[in-house]
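Take a look at the structure below.
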Amino acid sequence: MKAVQYRTIGGAPEVVDVAVPEPGPGQVLLKVTAAGVCHSDIMVMSMPAERLPFPLPLTLGHEGAGIVAALGEGVSSVTVGDSVVVYGPQGCGVCAVCSSGRENYCPHARRLGIHPPGLGSPGAMAEYMIVDDPRHLVPIGDLDPVSAVPLTDAGLTPYHSVRRALPQLVPGSTAVVIGTGGLGHLAIQLLRALTPARVVALDVSAEKLEFARGVGAHEALLSDANAAAAVRELTGGLGADAVFDFVGADVTGRSAVAMAALDADIQLVGIGGGTIPVGFGRVPYGTTVTTPYWGSRTELAEVIALAQAGALSVHTETYSIDDAPRAYERLHQGKISGRAVILPGS
Ligand code: NAD
Ligand code: ZN
Ligand code: ZN
């Protein structure tokens, strides 16, 4: 079967032929219907060898959707033919944290060598993929796999972030979304669906700002040196009650701090390598700065339910598996609107 692999440090992703895997005891084989292209893959592919926490080659794709194709011995909770998406940030499954569904914060995953599909174990950018346990699967029923697949990360990660900020996002509050790409365009919609906050989007081009308005941002501003002052002006000098930074560079972190209100919530979601210095006089009094990671299993089921209720409009560009390297190039150039999705069956 064809698979998209990251094979050599610093190299571009390649389409290669690999064997179709067979499900072992307890595992599930999926025929992949769709795989999302996340900016984190680009970050992984720019890491020096000594920082990469897993060996190569790696089949990419940590956003996966598929049809259950075969069951390993002992699996009975899913049925061949089920349409599902894959929960990525898998933990040990048995500790207190995993038992509450928050496998994204499992304290044992690293020690046990558990890696998400596409981020250490073989991912969804292939015609078939193995899922280690049926608990990682969320049924999507009639949802289109192409628009459902980004929900597993581009939807789940901002859903988790927005939920953490709910106490801040009361009527009259303002939320800022920095970076309106795969995650950001869903963050805007999640803020609109879950909170009464005014939503201000920041990005670097007129097209992205237009896109942000189109998916529900009340205001869209250029992310430049004047952005913080503009947000202060929009909020009568008070600043934003929550800032979600989906870029995570030093420059956006500085901007986030400069536009934050007192007692605000700044969430550094983007993995741009930036830091936000925290201390008295460095951030407004009471402000929290956090680095949320992905989301819980329960939250994935909730995001899927929200999509099934018609509350989310996922924007996608589709590519055949042979064209996956081009999708990564376009993402790197900032040219994707919403999420690029690979269709391994085409
Ligand atoms: P994307 O490329 O689809 O979107 C990034 C957006 O940011 C683009 O619209 C781009 O134009 C915009 N941008 C670039 N520089 C900017 C600036 N200075 N100011 C404002 N906007 C700017 O990326 P994505 O797949 O949505 O991922 C976003 C970030 O989140 C990445 O860093 C990714 O690695 C990270 N991520 C983190 C988690 C987590 O669990 N914390 C999960 C998934 C992705
Ligand atoms: Zn991702
Ligand atoms: Zn655990």
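Readers should treat all values here as calculations from the given coordinates under stated rules, not as data from a laboratory. Keep in mind it's a predicted model, so treat the numbers as computed, not measured. Here the Cβ positions follow ideal geometry from the backbone for every residue, glycine too, while neighbour counts run over all protein chains shown.
Side notes on the structure shown:
- Long-range neighbours under 7 Å by Cβ, at least six apart or interchain, first residue of a type in the set (S, T, N, Q) within region 259-283, second surrounded by 18 or more Cβ atoms within 10 Å (Cβ to Cβ) and not in a strand (DSSP E or B): Q267/S161; Q267/A165; Q267/P292; T275/G253
- Among the residues making up region 61-90, a single one is in contact with an Asp or Glu (Cβ under 7 Å, 6 or more places away or on another chain) and charged (D, E, K, R): E63.
- For the condition free of Cβ contacts under 8 Å to residues at least 12 places away in the same chain, more than 17 Å from the chain's Cα centre (by Cα) and assigned to a loop (DSSP other than H, G, I, E, B), S76 qualifies.
- Considering residues of region 193-218 that are within 17 Å of A240 (Cβ to Cβ) and either exposed (fewer than 15 other Cβ atoms within 10 Å of the Cβ) or among the polar types (S, T, N, Q) (or both) only, the residue nearest to ligand 3 (Cβ to nearest atom): T195
- Matching option when the condition is more than 8 Å from ligand 1 (Cβ to nearest atom), closer than 15 Å to L312 by Cβ and of a type in the set (D, E), among D144, D153: D144
- Residues in region 306-332 that are over 13 Å from P145 (Cβ atoms) and part of a strand (DSSP E or B) were compared, and the one that is nearest to ligand 1 (Cβ to nearest atom) is E317.
- Exactly one residue among A201, A193 is in contact (Cβ under 8 Å) with a residue 12 or more places away in the chain and part of a helix (DSSP H, G or I), and that residue is A193.
- Number of positions in region 284-303 that are out of contact with any Pro (no Cβ under 8 Å at 6 or more places or on another chain) and either of a type in the set (A, V, I, L, M, F, W, C) or under 26 Å from C38 (Cα atoms) (or both): 12
- For K335, the conditions (1) crowded, with 19+ Cβ neighbours inside 10 Å; (2) not acidic (D, E); (3) not in a helix (DSSP H, G or I) are fulfilled apart from (1).
- Residue among A65, A70 that alone is in a strand (DSSP E or B), more than 14 Å from ligand 2 (Cβ to nearest atom), free of Cβ contacts under 8 Å to residues at least 60 places away in the same chain and aliphatic (A, V, I, L, M): A70
- Picking from residues in region 92-104 that are more than 16 Å from ligand 2 (Cβ to nearest atom) and buried (at least 17 other Cβ atoms within 10 Å of the Cβ), the one that is farthest from V138 (Cα to Cα) is V97.
- Among (1) within 11 Å of ligand 1 (Cβ to nearest atom); (2) within 20 Å of the chain's Cα centre (by Cα); (3) crowded, with 23+ Cβ neighbours inside 10 Å, the one test that A249 misses: (3)
- Residue within region 39-56 that is within 15 Å of ligand 1 (Cβ to nearest atom), surrounded by 12 or more Cβ atoms within 10 Å (Cβ to Cβ) and part of a strand (DSSP E or B) present: no
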